[in-house]
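**Q** One structure is given below, represented as structure tokens, and several questions about it will come after.
Values in this text are rule-based calculations from the coordinates and carry no lab data. No experiment lies behind these values; they were computed from the predicted model shown. In this analysis, Cβ positions are derived from the backbone assuming ideal geometry, glycine residues included, and neighbour counts consider all displayed protein chains.
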């Protein structure tokens, strides 16, 4: 394939719209019911309007461990958790929990001066940087036996990081060259039109001659006209192309400046003693942060205000959202994740959503201890399985439910953990999202995760995709069960949602391959989380937890109810 053909193929691939943009879905398809609405949603609307209608509920706090949440958003502000023991903006730790003015949550990736970490490097880069100063100039023949394993790990990490840096450097140069060629091609084709309107009819009549530049420009213009009819003028088309290339350049520049930059040290901003993984009281109270797009979208799926005639409706009804910021644009750090879990537990969250993940976890024991702490307080953790189209039974994805310290007879897993993969809004072979991780042992169930509409910062709304969306939808279902059936333990709720999934019997494409497999083989439950079915099963399950004002059969004592 010649250079022009390669460039054109790449450009056209980037310009192709997804089938979901071409065929709009209901904004709330993820809440709908397969039988009643035709979509494998979680049947939240059906449950709320029927089985759960008129049933008493208890307010549930859901912690969103993420990039930050726009707590002033029109569709979230009334459902934000407010620390009842803290006086806003008085500069004091009124409730003596170690965090000053933590009104809506806490930010573990910010400094006391109000500065915040926005982007960070990846964990693999940090591990490489840690060993680089010891081994980078070392003589391989003089490595001691005691250091041999560590040195071999260093070489592996170095290869991974440096290869990514080389790829990014070459890609940047390629994009810059491609941009020049494509822009020149478009300009040549427009010039050949000699003032005529840029329409398919005029372009098809154009005499391209032997000019590869004009023929490439013609092909690009045709694609632009067909896919983006709102682009009318040459200036508009050139601007569109420029923006498209800029996105590519930004991506690879970010890899060089942040993701794979071993010299980056963002902890100078945080100001903690990073060498001490058990340190707790650091950060600030800016729970929105510099870019809250991801976290705000996640929060809306759980608890956007329902029936207020604006925006969209969250899954859960009687819910409060706690924002705990611990995820930058880059890999989260184990210390911050562990502290975020503990903060959420200590401040009343009974459900924690974690829509993030990474391939290395050097302080996994610290995270495991926090997960066990959450389990001791009966707090349920919901985690996104990841977007690498990989088998989580065979490939590491952290954090996860498998404790580092094994039991005598095998792996030891958290009983308060729900791992969630993503499905698309269509039946058949493509039902499982092509990006979603899976695993018969380590992924529990699936949830909607493609073309998901929710809240974004500054009173806006957008559609995102990812297991990052599937997880909070599942967390919303879990929150509804905790709210309406408060005597059920976290372990009971996980058993209920896994035993009551929607289980379509069909073949699907296994993500990352072309292989057709049974949908039931991609998770331990073999199904899609479903609120209506979970409620039906919960009604038959006797609660094991004592809750003031509630009986184990989920009836309410009107004389002693504390909703």
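**Q** Going by how many other Cβ atoms sit within 10 Å of their own, how do 420, 337, 218 line up, fewest first?
**A** Taking fewest neighbouring Cβ atoms as first place, the list is 218, 337, 420.
**Q** Full-extension gain between residue 551 and residue 201, please, as 0.36 nm times their residue separation minus the C-alpha to C-alpha distance.
**A** So the chain would gain 118.7 nm between residue 551 and residue 201.
**Q** Follow-up question, since we're still on this one. As I understand it, the value is the acute angle between the Cα axis of helix 145-193 and the longest principal axis of the Cα atoms of the chain; what does it come to in degrees, rounded to 10?
**A** Here the helix axis deviates by roughly 50 degrees.
**Q** Roughly how compact is region 125-259, stated as its Cα Rg over 2.2 N^0.38 Å to two decimals?
**A** That ratio works out to 1.69.
**Q** Moving on to the next point. Output needed: percent of Cα pairs per 20 Å distance bin for the chain, bins running from 0 to the one holding the longest distance.
**A** 19, 49, 27, 5, 0
**Q** Considering Cα pairs under 8 angstrom that are at least six residues apart, work out the relative contact order of region 323-379 and quote it in whole percent.
**A** 44 percent
**Q** Based on the Kirkwood radius over alpha-carbon pairs, what value in µm²/s does the Stokes-Einstein equation return for the translational diffusion coefficient of region 447-563 at 37 °C and 0.692 mPa s?
**A** Rounded to a whole number, D works out at 201 µm²/s.
**Q** How far is it, in nm, from the label point at residue 253 to the one at residue 134 when both lie 7 Å from their Cα along the line to the Cβ?
**A** In this crude label model, residue 253 to residue 134 measures out at 3.6 nm.
**Q** I need the per residue convex hull volume for region 343-485, using only the alpha carbons, in cubic angstrom as a whole number.
**A** Normalising the Cα hull of region 343-485 by residue number yields 146 Å³.
**Q** In percent, how large is the relative contact order of region 125-259, given Cα pairs closer than 8 Å and 6 or more residues apart?
**A** 30 percent
**Q** Additional query: Counting only C-alpha contacts under 8 Å and six or more residues apart, can you give the relative contact order of the chain as a whole percent?
**A** Relative contact order here is 20 percent.
**Q** How far is helix 334-346 tilted off the main Cα axis of the chain, in degrees rounded to 10, range 0 to 90?
**A** Its long axis makes an angle of about 40 degrees.
**Q** Run the paramagnetic zone check for residue 515: 7 angstrom along Cα to Cβ, then residues of region 430-466 with backbone nitrogen under 18 Å.
**A** 430-443
**Q** Along the Cα-to-C-beta direction of residue 166, a point sits 7 Å from the Cα; which residues of region 226-257 have their amide N less than 15 Å from that point?
**A** Under cut-off, by backbone N: nothing.
**Q** Just from the alpha-carbon atoms, what are the Rg and Dmax of region 477-539 in angstroms?
**A** When restricted to the Cα atoms of region 477-539, Rg and Dmax are 14.0, 45 Å.
**Q** How large is the Kirkwood hydrodynamic radius of region 15-124, counting all unique pairs of alpha carbons, in Å?
**A** Across region 15-124, the inverse of the average 1/r is 18.6 Å.
**Q** Give the span of region 188-338's Cα atoms along each principal axis, as three whole-Å numbers ordered largest to smallest.
**A** 71, 49, 18
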